[in-house]
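Please treat every number below as a calculation from the coordinates, not as lab data. Just so we're clear, the structure is a prediction, and the values are computed from it rather than from any experiment. Because the Cβ atoms are built from the backbone with ideal geometry, glycine has one as well, and the counts that use them run over all protein chains shown.
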Amino acid sequence: MDSRAVAAARNNAEWCDLVCRTHGIDTTFEPDVWVALRRSPPLYPDAVTLSDRLSAGDVVRRVDSSTGCSIKDSFASVDLSIEGFRLLFDAEWIYREPAEHPAGAAAGWSLVGTPDQLRNWAAAHGGGEVFRPALVNDPAVAIVVAYDNESIAAGAIGNRSASVVGVSNLFTVTADEDQAWAGAVAAISAHFPGMPLVGYENAAGLLTAHRAGFITVGPLRVWLKD
């Protein structure tokens with residue numbers, strides 16, 4: 001496994017863990033997998049694998065595998081179809097070296113700093129009640145936003161782990177996709193200077209991330225139990 005993909009998977013698991021805990025959901029980290037101990041919020045997995053040596057049974061026995069269960073197979077190494085799951089999508093982990101001089105490049109972007117600002121950001125994102133106010137005050141999280149006059153034009157989230165910062169939940173309303181990626185990278189890098197950025201994308205989003213300076217470092221899959 002590419003060490004950058006390993007760091008990205010761990011970072012993503014930590015973000016999922018944080019979101020779940022803001023919803024009062026107990027979680028656990030084991031050496032080879034992160035697990036939510038009851039159903040995670042919408043669009044979030046119930047488990048994230050942290051090793052490429054797990055079997056389907058190893059993963060499924062640790063989660064509530066009833067209808068609606070989703071599992072992030074971080075290294076595209078587990079065939080969960082034998083446990084009744086279907087492949088929801090394939091994606092790629094992405095990695096970017098630390099941005100140079102990020103503070104000056106972040107013009108036009110700012111941090112979401114209050115629960116009211118977060119509600120507006122979440123409404124523009126479409127995530128609704130997933131993003132809870134506790135995220136605003138977490139020092140490991142930077143929720144960033146760009147405005148077009150007084151309307152939200154784009155947004156993203158950065159979450160810091162031990163060695164990398166994850167970029168996720170990037171969205172645009174009126175901003176160009178390339179401008180949104182460039183601005184989000186600059187804003188998040190300004191908040192967490194000197195740290196590499198990671199995330200995952202597929203399809204058109206992956207191409208845009210590449211244009212923003214990211215490279216692909218490994219595959220992942222997301223599985224769903226219908």
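One table, with the values for the structure above:
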| read-out | value |
| --- | --- |
| The range 134-226 - Rg (one decimal) and Dmax (whole number), Cα, Å | 13.8, 43 |
| Cβ crowding within 10 Å averaged over residues, with 11-17, 189-195, 64-70, 146-152 ranked highest first | 11-17, 189-195, 64-70, 146-152 |
| Derived scalar couplings ³J(HN,Hα) [the range 31-48; Karplus, 6.51 cos²θ - 1.76 cosθ + 1.60; whole Hz; x for Gly, Pro] | x, 10, 6, 9, 9, 8, 7, 8, 3, 6, x, x, 6, 10, x, 8, 7, 10 |
| The chain: relative contact order as a whole-number percent, Cα under 8 Å and 6+ apart | 28 percent |
| Percent antiparallel among DSSP beta bridges (both partners in the range 3-93, rounded to 5) | 80 percent |
| Convex hull projection area averaged over all views, the range 172-226, Cα basis, nm² | 5.4 nm² |
| Rg over Rh [alpha-carbon atoms, Kirkwood Rh] for the range 3-93 | 0.92 |
| Sorted largest first, extent of the chain alpha carbons per principal axis (Å) | 51, 34, 29 |
| Rounded to whole Hz, the Karplus (6.51, -1.76, 1.60) HN-Hα couplings of the range 10-24, x for glycine and proline | 5, 4, 5, 4, 5, 5, 4, 4, 5, 4, 4, 5, 5, 9, x |
| Proximal charge balance of Gly218 [Cβ under 10 Å; K/R count +1, D/E count -1] | -2 |
| The range 116-178 - percent relative contact order, Cα under 8 Å, separation 6 or more | 25 percent |
